[in-house]
Amino acid sequence: MERSGTFVSETNLNLIWALVVGSISLGALAGALLVRVLSERCGRRNALIINGIFNIIGAFCELIARSASSPELLIIGRFILGANMGLTSGVVPMYLMELTPTKYRGAAGTLHMVAVSFSDWFSLLIGLPEVLGGSIWWPIAFALPGIPALALCFILPFCPESPKYLLVTRGNREGAYDSIVALVGEKQAKPVFNELIRESARDKSRSGSFWELFTSKKLRLPLLVSLLVMVAQQFTGCTAVFAYSTDMFINAKLDPQTARYATLAIGVVYFLFACSAPLLIDRVGRRPLSLFQLISCLIALSLLTLFTGIQQYGQATWASYGTIGALVLYMCVYGVGSPIPWMITGELFNQHFRSTAVTVSVFVAFFMTMIISSAYLPFQQMVGVTFSYMPFIVGSCISIVVLYFILPETKNRDVNDIVNEARARNHSLSLGMPWNTLSKEGRTENKHIEALNP
């Protein structure tokens, strides 16, 4: 109205709204595709600095969009911030895990999702109308990511680059040693550096291209496992629960204001339980924790379906408390295992293929997020709230069974050892003897067979 002097038609308004909403998902897909390019050409640390600079630009676009009366700036800003999401989700876990000794690799890989879970509840807080979610202050809420991005750009230049990247990808032995000294000190640097030399000597591949990733028989199974773990988490229904939890609380007969506070509360619960992941990941192991999360989310979704059905068809008011309890339970168990899909890809591949595989994995995650968030509401309107969780329940059941037989344990293990176990599990399934994957003797026998038939 301010720019043209006429009101925008409802059709054009809906188009602008769709672009504003969808631009962040499209940006995330674009950012995911940049993971390999930037992390390999610029390095892990420098890729994050570049990402931070663009984050500041995107935040500035968000900040001035309203005063400039420009929905285009709002769309561009959200697209850039979406690209930041995609790039960060791939590079940060990879950078942290490459900086960290094998003993603490799991805990380091989970820290990214702990930070994400903090951001989730904090964004819910500042989005409340009483905070920054009103008609006047929302540009500030949208622009807030620029502040930590600015801090990142000032702090990261003083942080070391990944020693593995410097040695294996760049062949810079002196730079890799200096980076290790900065991380662990002069006394411990030599044994860490020698271990890194041995690891790079075992790594015979040199290209790390997408073509080789998709065509190499040796890489096919690790890629399949990493994608299945990511897809399995999406089938827990996390995207739908996060996007529509306020509506779910309203369906549970809470008034809209209370529903918003309830959504904030379960966001805090999710963060608190995500904080347990760094403590559990190396004690329990990736495989048990992942299966625990999937099974627990399946139980929570089943309870959510049950109580919603009782409330909708049985007209029982008490069932609304069951619905709320099921949502809280879901957030608790989801938070415990949420970091695993984002870190396990980095443990399944060697240095040359790590960034390539992470690129594919993160792209698949954000692509499924976009599809589920777009399709869930129309599907819910078509089948009703009660049955809208059924695809997630069925998908979770299938994921649990498949991963139970093929997902290897990666804790404190070399990449070659992890891949050998995955191949042994796959060999047992191809022989129609999945029970062999469950015993140590069976896996050892399969490894010998695989060694004779590489």
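The values are calculated or read from the model by the stated rules, or taken from the named source; none is laboratory data. Quick caveat, the model's predicted, so the values are computed rather than measured. Using ideal geometry, Cβ is built from the backbone for each residue, glycine included, and neighbour counts are taken over all protein chains shown. Ligands, DNA and RNA are excluded from the accessible area calculation, which covers all protein heavy atoms including side chains. Shrake-Rupley method; radii C 1.70, N 1.55, O 1.52, S 1.80 Å.
A few points about this structure:
- Checklist (1) on the phi > 0 side of the Ramachandran plot; (2) open to solvent by 50 Å² or more (accessible area, probe 1.4 Å) applied to Glu72, failing item: (1)
- From the options Ser123, Ser117, residue that is crowded, with 21+ Cβ neighbours inside 10 Å and of a type in the set (Ser, Thr, Tyr): Ser117
- Condition met for Thr102 (within 23 Å of Gly43 (Cα to Cα), over 15 Å from the mean Cα position of the chain (by Cα) and of a type in the set (S, T, N, Q)): yes
- Selection of helices (runs of 4 or more DSSP H) fully inside the range 305-409 by the criterion of at least 1 residues being over 22 Å from Val269 (Cα atoms) returns 340-348, 351-383, 390-406.
- Any pair with Cβ under 7 angstrom, 6 or more apart, that starts in the range 234-261 at a residue that is without any contact (Cβ under 8 Å) to a residue 40 or more places away in the chain and of a type in the set (Asp, Glu) and ends at one that is in a helix (DSSP H, G or I) and open to solvent by 60 Å² or more (accessible area, probe 1.4 Å): none
- Among the residues of the range 129-153, the ones that are touching a Gly at 6+ places or on another chain (Cβ under 9 Å) and among the hydrophobic types (A, V, I, L, M, F, W, C) come to 9 in all.
- Residue match in the range 77-87 (condition: open to solvent by 60 Å² or more (accessible area, probe 1.4 Å) and among the basic types (Lys, Arg)): no
- Residue match in the range 51-66 (condition: over 26 Å from Cys153 (Cα atoms) and touching a Lys or Arg at 6+ places or on another chain (Cβ under 7 Å)): no
- Being open to solvent by 20 Å² or more (accessible area, probe 1.4 Å) and aliphatic (A, V, I, L, M) is a property that holds for Leu377.
- Among the helices (runs of 4 or more DSSP H) confined to the range 181-287, the ones with at least 3 residues that are crowded, with 17+ Cβ neighbours inside 10 Å are located at 186-202, 217-234, 238-251, 256-274, 277-284.
- Conditions (1) farther than 28 Å from Val419 by Cβ; (2) at pLDDT 90 or above: number failed by Ser179: (1)
- Residue in the range 214-229 that is in contact (Cβ under 8 Å) with a residue 40 or more places away in the chain and among the basic types (Lys, Arg) present: yes
- Which listed residue, of Leu348, Leu407, Leu327, Leu403, is farther than 21 Å from Ile295 by Cα, open to solvent by less than 20 Å² (accessible area, probe 1.4 Å) and touching a helix residue (DSSP H, G or I) at 6+ places or on another chain (Cβ under 7 Å): Leu348
- The condition (being over 20 Å from the mean Cα position of the chain (by Cα) and at pLDDT 90 or above) is satisfied by just one residue among Arg45, Arg41, Arg3, Arg36: Arg41.
- Yes/no for Ser39 being surrounded by 21 or more Cβ atoms within 10 Å (Cβ to Cβ), farther than 28 Å from Ser374 by Cβ and of a type outside the set (A, V, I, L, M, F, W, C): yes
- Residues located in the range 129-165, provided they are over 25 Å from the mean Cα position of the chain (by Cα), at pLDDT 90 or above and open to solvent by less than 40 Å² (accessible area, probe 1.4 Å): Leu132, Pro139
- Of all residues making up the range 169-180, the number that are surrounded by 13 or more Cβ atoms within 10 Å (Cβ to Cβ) and acidic (Asp, Glu): 1
- Only residues that are out of contact with any helix residue (DSSP H, G or I) (no Cβ under 6 Å at 6 or more places or on another chain) and not small (Gly, Ala, Ser) were counted across the range 132-149, and they come to 7.
- Search result, residues across the range 140-171 that are touching a Ser or Thr at 6+ places or on another chain (Cβ under 9 Å) and over 26 Å from Gly346 (Cα atoms): Ala141, Leu144, Pro145
- Within the range 288-302, the set of residues being surrounded by fewer than 20 Cβ atoms within 10 Å (Cβ to Cβ) and out of contact with any Asp or Glu (no Cβ under 9 Å at 6 or more places or on another chain) comprises Leu291, Phe292, Ile295, Ser296, Ile299, Ser302.
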